[in-house]
Amino acid sequence: MRTAFDVVTTAMGCTATWIPSLGAEPVTAEVLYKDPTEGQPLIDTQFEIEGCTMEYKKGDLPGLREAVNSSALPLQIITITHQDGSVFEYWVKSYISEYDGQTLVAKIVQR
């Protein structure tokens, strides 16, 4: 069953790729990338000019949240391919909220 999140990521999402460990197979997921500016604040969202976020469904990118929350592991790097074809790498710094228990929100910073 397709959810509203699936419809939105199909129309406006980006592809995120994460390599869980050296030599492991890459894991990909469709995500929503948000990078608000003063001219384009996000409606109904706490506005933070320097804060980029990545939203994705629970179950996608398995292990990423745990790796980010583990202080024993190095910073996790995610590669996001935008719809215009541009590709950027980001450090996943933290998780800032979980809306409905099915959507994860990660705070990311361009590498």
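The values are calculated or read from the model by the stated rules, or taken from the named source; none is laboratory data. Keep in mind that what you see is a predicted model, and the values were worked out from it rather than measured. Neighbour counts are summed over all protein chains in view; Cβ atoms, including those assigned to glycine, are modelled from backbone coordinates with ideal geometry.
Data overview
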| read-out | value |
| --- | --- |
| Those residues of segment 62-111 which are of a type in the set (G, A, S), surrounded by 15 or more Cβ atoms within 10 Å (Cβ to Cβ) and under 15 Å from V31 (Cβ atoms), in sequence order | A106 |
| Number of positions in segment 70-82 that are modelled with pLDDT under 90 and either touching a Pro at 6+ places or on another chain (Cβ under 7 Å) or farther than 13 Å from I19 by Cα (or both) | 4 |
| Residue ID - surrounded by the fewest Cβ atoms within 10 Å (Cβ to Cβ), chosen from residues in segment 1-21 that are at pLDDT 80 or above and part of a loop (DSSP other than H, G, I, E, B) | S21 |
| Selection from segment 20-37 of residues that are farther than 17 Å from S86 by Cβ and without any contact (Cβ under 8 Å) to a residue 40 or more places away in the chain | S21, L22, G23, A24, E25, P26, V27, A29, P36 |
| Qualifying residues in segment 61-101 (those that are without any contact (Cβ under 8 Å) to a residue 60 or more places away in the chain and closer than 19 Å to T10 by Cα) - the one nearest to the chain's Cα centre (by Cα) | L61 |
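Yes or no, residue by residue, for (1) under 23 Å from V7 (Cβ atoms); (2) modelled with pLDDT of 90 or more; (3) of a type in the set (S, T, Y):
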residue	(1), (2), (3)
Q40	yes, no, no
I49	no, no, no
Y56	yes, yes, yes
D60	yes, yes, no
R65	no, yes, no
I96	no, no, no
Y99	yes, no, yes
